[in-house]
Every structure is written in structure tokens, then in C-alpha cells.
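The values are calculated or read from the model by the stated rules, or taken from the named source; none is laboratory data. Because the structure is predicted, anything quoted here is derived from the model rather than measured. Because the Cβ atoms are built from the backbone with ideal geometry, glycine has one as well, and the counts that use them run over all protein chains shown. These area figures cover heavy atoms from the full protein model, side chains too; ligands, DNA and RNA do not enter into them. Shrake-Rupley method; radii C 1.70, N 1.55, O 1.52, S 1.80 Å.
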Amino acid sequence: MALVEQRPTVLPEDKSQHVHLSLISPVDGTLQQVELYTPACISGKPLPLVLAPHAITWTPDQEYEGGLEGLKRGYHRGWYGLPDKYEVLIAIPHGHHYREAGCSCAGAAQIIDMAYLIDYLPNNGFPIDEHRVYACGLSMGGHEALVLAGRYPNKIAGAAAFNPIVDLGAWQYDLVYSSSEEIRSYGTGMRIANEVGGLPEEAPALYAERNAMTYAEQLVQIPIMLYWSERDLVVPRQVTHHAYALYQKVKALGATNPISEFNHTRSHGAIGDNDQTNWQLHEWCDYELALQWLLIHQKA
């Protein structure tokens, strides 16, 4: 094994409740799907809400528990059991995409739909604490969490992202020309180009509106936690184009809210510097750690 961490033999019982929601998108009137996970008992008091977009090509179920089949790391705890343990609502949208399922990539419709949930949920029987609305995700999920926070800084009390995409154009290029034949074989880079509406050099404005860096000045207003790895095989160039670059930009703008970054490369007992290890580093996240950090922050 490249990483020492192992999946627990037996997971504790998850007492959280699962509700499937269908809502009309305020963007284009299409029917969009959201999986909502709640505490076992809802007393009617407003609860914190975490908007938790999934990683690229994953389903909400995989995001909540288990990860994508064939996960290199072999274990993804996800949000399993956390809604009941911490008395929070976890909302995982299926994703508002137009051409490529599972590849919403922080498109405007996806971001607007997530923000809409903040009003939709209390109007449909799920009261939320409007001062404690958060965004969190892994990879594309982290990408969308950051763009959501950047576009709606007045609504989001904190954001956490694990190995997020920040520069979508750079990532599209890196997928197409990846050193890994396996990554190239998935064709994800061309799927992104199809969803966005062209290659980065053909449609730079379409990529810019999906980039967290575009909203750096707004992100100054929000507590942010970023986990990244310079050895990430799936999202390379983290220092120059993604999480660490965003951290440096926001700090340079004079952020007064907490913003933290952590290079998690050597914190798992990783063995070797090879494609297997470096792919596993990308798939690592700890949503419970993120949730504990997020819940100490709230809007004034």
C-alpha cells in the first residue's frame, strides 16, 4: 500500500436520515436533484447547513459514503454519519450540467442552484441557521465550494477545500497531457472542454468565470481552509495554479478572516513517490476535520 491509512473493518451505524429533493432551477427551469442528509431527529430548530458538491464524475451517494468504485486510496469516509453526530444538514447536489454528467465544474447554473438551496430548504420544512452556512468539497467539489463562497460571500460563513481545482483551464490542459496514461484514457479533459464550451484558448472568459482565483477579492471576506499536495497526480501544479496559489493571492489582498493552508503530502505515512501514491494523495480528504473547523465560524 502506498498510504498507511486503512478503511475501518466495521463502520459505526449511521443514524442520519436521507431525503431526496427535486427542485426547479431558478436559472433555466430544469428539474435538478439534491440529496439531503439530516440528523436522526429534527426538532425544528435552525441547523447549520453544509453545501457539499461532489468530486468530478462521482455520484452524491459516492460522495457521502465510499467514494468512486475503484478508488485508488481504497477508503473515502465522506460525510457518513456526520449529519447526526454534529446536528447539521448536508446537501449534495447531483450537479447542474448541460453536456457532461458529473462534470458541472463550477458552472454558473450549478453555483446559483447551490445558493438557491439556502432559501429553498427553510421554505420546504428544513429550517437552517442562516449565520452558519458552509461550503466544502474534494477536488471538483472543493472547486465549486470555493467559487460558491467567492460569488456569495454574504451567504457563506466558511469554506473548506481538499485538493481543489482553482484554475480550470490549467487543469483541463494537465488532464489532456497528463504523465499518467490511465488519466489520459478517461478523457476527462475533453469532457470538461465539451461542458464549458471550448478549449481554454478558445473560450478564456468561460473558464475565468469558473475559476476561484477570479473571486479572490471576495474570498478575503470568508474563513477558508485549504488542503493540498505538491505531489498530487490528478491536480498537479498545486503551488503555481491551485490551492497554494489561491492562498497566496488571498493573503496578499490583506485577508483579515482566517485563511489556512496545509500541505498534507507527508502526513499519511506515504510510501514512495510514484503514480499510485500520488493519485492516492489526491483522493485524501477528512470531512469531519473540515466540519469541526467550519462550525467554529459564523456570520456576524
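Each Lys or Arg adds one and each Asp or Glu takes one away; over the other residues whose Cβ falls under 11 Å from the Cβ of residue 151, this sums to 0. Where both bridge residues fall in the chain, DSSP classifies roughly 35% of the beta bridges as antiparallel. Peptides 36-49, 243-256, 134-147 ranked from most to least packed, by the mean per-residue count of other Cβ atoms within 10 Å: 134-147, 243-256, 36-49. What's the local net charge at residue 119, with K and R +1, D and E -1, over the other residues with C-beta under 14 Å away? Taking every Cβ under 14 Å from that of residue 119, the sum is -2. Exceedance of the 31 Å cut-off in Cα-Cα distance is limited, within the set 72/155; 251/299; 72/299; 45/249; 85/249; 85/155, to 72/155; 72/299; 45/249; 85/249.
The charge dipole of segment 89-226, taken about its Cα centre with unit charges on the Cβ of Lys, Arg, Asp and Glu (plus for the first two, minus for the last two), comes to roughly 200 debye. Say R0 is 25 Å: what FRET efficiency, to the nearest 0.05, do residue 194 and residue 85 get from their beta-carbon distance? Step by step, r from the Cβ atoms, then E = 0.05. In the elastic network of the chain, a GNM with C-alpha springs shorter than 10 Å, the most mobile of 77, 266, 231 is 266.
Rolling a 1.4 angstrom probe over the protein heavy atoms, how many square angstrom per residue are accessible across the chain?
Values: 12260 Å² over 300 residues.
Here the per-residue accessible area is 41 Å².
Largest first, the residues 112, 259 sort by 1.4 Å accessible area into 112, 259. One Cα centroid belongs to segment 41-60, the other to segment 115-153; the line between them spans 9 Å.
In this structure residue 182 has an accessible area near 70 Å², from a 1.4 Å probe over the protein heavy atoms.
Dipole of segment 100-196 computed with +1 at Lys/Arg Cβ and -1 at Asp/Glu Cβ about the Cα centre; of 179, 154, 166, farthest Cα towards the positive end is 154. For residue 203 and residue 17, the FRET efficiency from 1/(1 + (r/R0)^6), where r spans their Cβ atoms and R0 equals 35 Å, is about 0.25. Cα gyration tensor of segment 81-183, axes a ≥ b ≥ c as square roots of the eigenvalues: rounded (a/c below 1.5), prolate (a/b > b/c) or oblate? Verdict is prolate for segment 81-183.
The local environment of residue 237, defined by Cβ-Cβ distances under 13 Å, has a net charge of -3 under the rule Lys, Arg +1 and Asp, Glu -1.
Taking amide H as placed 1.01 Å from N in the peptide plane, residue 134 has its amide H under 5 Å from the amide H of 49, 50, 51, 157, each at least 5 places away in sequence or on another chain. In this simple spin-label model, placing a label point 7 Å from the Cα along the Cα-to-Cβ direction at both residue 101 and residue 41 gives a separation of 4.0 nm.
What's the ranking of 290-300, 164-174, 212-222 by average number of surrounding C-beta atoms within 10 Å, highest first?
The peptides rank, most packed first, as 164-174, 212-222, 290-300.
For the chain, with all protein chains present and a 1.4 Å probe, just round the carbon and sulfur fraction of the accessible area to a whole percent. If you can, show how the numbers build up before the last one.
On the way: 6160 of 12260 Å².
In the chain, the share of accessible area belonging to carbon and sulfur is 50 percent.
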